[in-house]
Every structure is written in C-alpha cells, then in structure tokens.
1. Filter the stretch 162-177 down to residues that are surrounded by 15 or more Cβ atoms within 10 Å (Cβ to Cβ) and of a type in the set (A, V, I, L, M) and give me whichever is farthest from ILE77 (Cα to Cα).
2. Just give me the residues in the stretch 71-81 being touching a residue at least 60 places away in the same chain (Cβ under 8 Å) and either over 18 Å from HIS198 (Cβ atoms) or touching a Lys or Arg at 6+ places or on another chain (Cβ under 8 Å) (or both), in sequence order.
3. Can you give me the number of residues within the stretch 103-137 that are assigned to a loop (DSSP other than H, G, I, E, B), over 28 Å from PRO187 (Cβ atoms) and in contact (Cβ under 8 Å) with a residue 24 or more places away in the chain?
4. Taking the stretch 143-161, which residues are surrounded by 14 or more Cβ atoms within 10 Å (Cβ to Cβ) and in a helix (DSSP H, G or I)?
5. Among the residues of the stretch 139-156, is there at least one that is modelled with pLDDT of 85 or more, under 14 Å from the mean Cα position of the chain (by Cα) and either among the polar types (S, T, N, Q) or not assigned by TED's automatic domain parsing to the domain that holds THR182 (or both)?
Amino acid sequence: MARSAASPPLEGQKTTERIPDAAENLFSEYGFAGTAIRDIASEVSLNPASLYNHFDGKESLYEAVLERVLQPIFLFIERSAGTTWTEAEAERTITLIMEYLKANPNLARLLCHESLAGGNHMRRIIGQTMRPLVADGIAALRRGPAEESWSEDELPMVFSAFIHLIVGHFVLAPVLSAAMDTDGLTPEATDRQTTFLHKVTKRLLLPYPDPSATSDADEPTTEGN
C-alpha cells in the first residue's frame, strides 16, 4: 500500500515529538496492523533502526499514541466524575469532549480501528486509567437524577450510551454524510450535534414520571352525565 511522502519537520520540533505525530496519522489511517515501523520512520526522515532509539517497538509507540490522544478525554471525565452528575455538568462534559474530538479527528479513527481489532492494545490503558474512570463516572450517576430513572444494572449502560452518542457521531459521520447529503463533520454540523446531545442528555437524566400517579385533571368525571 502506497504511503504519502514524508512531511517536512516543523522548525524547532524535536524528533521525539515528530515520531508520535507521524505515527498517529498513520495508525489512524491504516490501523496498527497496517502500519509498519519503516512507514513511520520514513515520515520523519529516519531509518527504521534509529526509531528504536526513541521507542522500544511498534507496540510501545502505538500505546503511547493512544494514551496521548485519550488523556484529555480522561481528564474531562475525571473532573466530571468528581462532581454530582447533574444535567449542567453532563452538558459541560459533552461540550468539552465534542470540541476536543472536532479538533482531533484522528482519535475517532484510532478508536474505530482498535475496537474492530479487538481492543488488545488498549488493555494496559484500560486497566490503569479507563476502568477507574468508568467506575467513578457510574458512581457520579448514582449521586444525580439518573439514579431515579435507571436501575443499578442500567447505570453502566447509561454511561456507555453517553460515550456511544459522542464518539459514534465522529465514527459514522463519513458514512452518514453521503446518505444524508450533508457533511456531519463541519463545525456547524458538530455544533448542532452538540446541542442535540444536550437534549438527549436531559432526557436520559430526567426522572421518569410515575405512571401510577395521575392528576385530578386526568381522572374521568361524571358531571353532567
């Protein structure tokens, strides 16, 4: 498979910074299996052997790329998980993540490749960072109004739904754009999606009305009969 020509290095940018940048672009386009060390080395004008002076191998470089692009998301969730999961806090977190994904389109592509490949290369990151954050996020849901709407078994699904709704937009936009005759990744489309997600969040978090509770206005009357 043909690769793009090596990009000229930015003035003053160190090799240790250029390697992850080039690797991120290639991994996001071709996935882990479809990217070779020689391809990354070519992008930064190194011979493959020299690249091992900076990283132990392709797997350690891939993990470093994943950790780098995911770290801001972890920080957003960590901050939100430390508070009560209110509607306003959920909206704030969604806006931050949407803005980050809009500015960093490689992340959705990397997650898509990694998920389809079984997620094996994320296991260390999952164990060290994601698992505690997910647990904290679910605990935050328990402290908020979602606890009134969803059972204990459903709270992890609610948390997962937020992630699917946010990341799924960027993963599927290239496909759905063709079907809907619109570009879902323009800044305007992403802003509309963010507003939509705020509405979805409100509905996910609002307590369900008690179906057994009916007002007097709902009760049938016999007056005049």
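The values are calculated or read from the model by the stated rules, or taken from the named source; none is laboratory data. These numbers come from a predicted model, not from an experiment. No Cβ is skipped: glycine too gets one built from the backbone with ideal geometry, and neighbour counts run over all protein chains shown.
1. ALA173
2. Keep residues of the stretch 71-81 that are touching a residue at least 60 places away in the same chain (Cβ under 8 Å), which gives 77, 80.
Within the stretch 71-81, just SER80 meets the criteria.
3. Of all residues in the stretch 103-137, those assigned to a loop (DSSP other than H, G, I, E, B) come to 104-105, 117-119.
Now narrow it down to the ones that are over 28 Å from PRO187 (Cβ atoms): 117-119.
Add one more test, that the residue is in contact (Cβ under 8 Å) with a residue 24 or more places away in the chain, and what stays is 117.
Number of matching residues: 1.
4. First pass over the stretch 143-161, keeping only residues surrounded by 14 or more Cβ atoms within 10 Å (Cβ to Cβ): 144-147, 149-150, 155-156, 158-159, 161.
ALA146, GLU147, SER149, LEU155, PRO156, VAL158, PHE159, ALA161, listed by residue number.
5. Looking for residues that are modelled with pLDDT of 85 or more, under 14 Å from the mean Cα position of the chain (by Cα) and either among the polar types (S, T, N, Q) or not assigned by TED's automatic domain parsing to the domain that holds THR182 (or both), one finds none in the stretch 139-156, hence no.
The rows are residues; the columns are (1) under 13 Å from THR195 (Cα atoms); (2) surrounded by 18 or more Cβ atoms within 10 Å (Cβ to Cβ).
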{"site": "VAL69", "(1), (2)": "no, yes"}
{"site": "THR83", "(1), (2)": "no, no"}
{"site": "THR86", "(1), (2)": "no, no"}
{"site": "ARG92", "(1), (2)": "yes, no"}
{"site": "THR95", "(1), (2)": "yes, no"}
{"site": "TYR100", "(1), (2)": "no, no"}
